[in-house]
Amino acid sequence: MLLGCGSYADASLPRLRSPGLDVEELARVLRDAGYDQVAAEIDGTARQGQLAVEAFLAGASVDDALNIVYLSCHGVLDQRGKLHFAFADTEQQYLRATAVAAEWVRDRIYDSRSRATVVLVDCCFSGGFITGMQARSGSEAVEELVRGLPEGSGVAVLTASGQRDASFEDASSAVVRPSYFTDALVTGIGTGAADLDRDGRITIDELYEYVYHHVVSGPSPQRPRRFDMGEGTLVVTETAMTPEAGVAVAVPTPITPPRPAPAAVPPAPAWPRSMTRAGPTARPAPPATVDTASSPRAGVSAVAGNVVGWGGRNTSFTLALTSAVDFGRLAVPAGLRDITVISAGDRHGLALAVDGHVVAWGDNAFGQARVPRRLGRVRTIAAGGAHNLAVRSDGSVTGWGNNHSGQVRAPKSLGNAVGVAAGGWHSLALLSDGTVAAWGENGDGQARVPPGLRGVVEISAGDAHSVALHADGTVSAWGRNDHGQSTVLAEAVGVSAVAAGTAYTVAVRTDGTLLSWGHAPAGSPRRLPGGAAQVAAGESHCLALGVDGTVRAWGDNTYEQCVVPDGLGRFLMIAAGRLFNIALIAPDG
């Protein structure tokens, strides 16, 4: 089922040139690839779109080899950040009543009897479709379901961009062309170029890899995303065709307008690409028995503790199987003790033991949960969107995981690091002389350290911005600033800890006052009595660790990420993941 919409009655939704051609071209290559039933609708109403999707998925059978759902249209976010697909009669002011919610489409997929389903989403913020679909495969219920599936079963989703990113079409050419994402799909399938191992089959893994590199090698700044769950490998098509030469692309134009921002926040042409986590923030200087630097701040607990976790779970059993984060694998490994540092990535966790070895768990799509064998003794760590950094005993930095933007490969000359922070697609290192090094993606200047930046004692990396805390209590920030996340508040003085979230920054002053700027979660306490030792920033929630060892949480609680467990005892360190948290607690409780 292929749906496209480029013409809209609502004047606030600009006309798109590519969706009609997107649908026609993808339908053509799918028919050529052997799909005998390819239904397509262009410029229909939201109700027509719903009926088409419902009828298609309700009619799917376990005997079908593969079912594909494709959407090319405007993607619009409501006030809660939920993704909606716009159709001809959609009114931005009344999205829930006149558009098709991504959540509704996901529910139809859950209800379908289709043995294998591939969803292709080409719109702005399309990565939002994946939110809520991460399989909790670590639970016994899901493991039982997966064991019962035949080989080549499950659900796979490829999206044109991240959850907070625009997608693009070529509006500069006199000739209408498919969008950049769909052009990659059509080329990869139609020419056989996506058959990367030349075995006569195009798997979903190969298709994603081909599409990703095709898109990022062109002029568009978007980054495709993927999700999959199931058993075995999904085969999109069989082919023996020879790929043609490269395809030219031109200057991109957004496929959808940005979500209107609140009046106090500058409008955002593209939301941040993916969730990322800042590295561990300041803790008291460690005792002499711990091998780490004490100044600048090394982000190491003075006392080794035990690791606990919470959040990442939805109270609905149905959604618990197919939503939020893969919490079964994000559950903290049993017996994780004698830990001095923790860090939380998008969907994975890291811990550094007192003997210098690193433990990783959670999502491993990019190898981020597979610790290098020869890592050696490590001083401190940081988890990013899908990559990790470690400072070794000689001050060098080693990275692993997603390296699409070079964020894993630290400069060879780097040999005096005392701290690290990992962003969505970029990396930072705090050097022993109080300066900062940066590498990886630099599209928004997040890896371009301001000239003369010195006296830094703490660093944190957001999705596409960077933050530094100076010894004098002032804060510097650079990189993406579409929500004001890099515009430091004038009252941000006397700051003792900072953390960079997706599109916001949070800081605490020595008097316990909490500050935040950018697209920050609501509900922040104004002040923590006695002050705070650390703050941590998730996608839409925050944590603060008080000097008394207690933790406060605020913001979105959809996945219970703000429900701090009772009776754990004294907290030593906190780390916020995308929709979950991990914490270090004192061994004596």
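Each value in this text was obtained by applying a stated rule to the coordinates, not by laboratory testing. Remember, it's a predicted structure, so these values are computed and weren't measured experimentally. For neighbour counting, all protein chains shown are included, and Cβ atoms are generated from backbone atoms with ideal geometry for every residue, glycine included.
Computed quantities for the displayed model
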{"read-out": "Segment 450-498: Cα Rg divided by the 2.2 N^0.38 Å rule of thumb", "value": "1.06"}
{"read-out": "Distance between modelled label sites at R370 and A353, nm, 7 Å Cα→Cβ extension", "value": "2.1"}
{"read-out": "Segment 468-589, relative contact order [Cα under 8 Å, separation at least 6], %", "value": "16"}
{"read-out": "Surface/4 of the Cα convex hull for segment 490-561, nm²", "value": "4.4"}
{"read-out": "In nm, spacing of pseudo-spin labels at D63 and S217 (7 Å Cα→C-beta vector)", "value": "4.2"}
{"read-out": "Shape category assigned to segment 430-544 from the gyration tensor of Cα positions, a/c cut at 1.5", "value": "oblate"}
{"read-out": "Relative frequency of Cα-Cα separations exceeding 23 Å in segment 344-432, percent", "value": "11"}
{"read-out": "Kirkwood-type radius of segment 11-138, with distances r between different C-alpha atoms, in Å", "value": "15.5"}
{"read-out": "Three principal axis lengths of segment 6-71 [C-alpha, angstrom, descending]", "value": "44, 25, 11"}
{"read-out": "Ordering of 336-343, 555-562 by burial proxy (mean other Cβ atoms within 10 Å per residue, highest first)", "value": "336-343, 555-562"}
{"read-out": "FRET E, pair V563, D107, Förster distance 35 Å, beta-carbon r, rounded to 0.05", "value": "0.90"}
{"read-out": "Packing-based order for 545-553, 206-214, using average beta carbon neighbours within 10 Å, highest first", "value": "206-214, 545-553"}
{"read-out": "Extension gain (nm, one decimal) between Y94 and D36, 0.36 nm per residue minus Cα-Cα", "value": "17.1 nm"}
{"read-out": "Alpha carbon centroid spacing (whole Å) that separates segment 12-45 from segment 177-231", "value": "17"}
{"read-out": "A334 versus R47: modelled label distance in nm, points set 7 Å from Cα along the beta carbon direction", "value": "5.5"}
{"read-out": "Stretch gain in nm, segment E24-L489, where the contour uses 0.36 nm per residue and the Cα spacing is subtracted", "value": "162.4 nm"}
{"read-out": "Hydrodynamic radius of segment 394-494 per Kirkwood, over alpha carbon pairs, in Å", "value": "13.6"}
{"read-out": "Relative contact order computed over segment 366-498 (Cα-Cα under 8 Å; 6+ residues apart), in percent", "value": "15"}
{"read-out": "Segment 79-134, relative contact order [Cα under 8 Å, separation at least 6], %", "value": "34"}
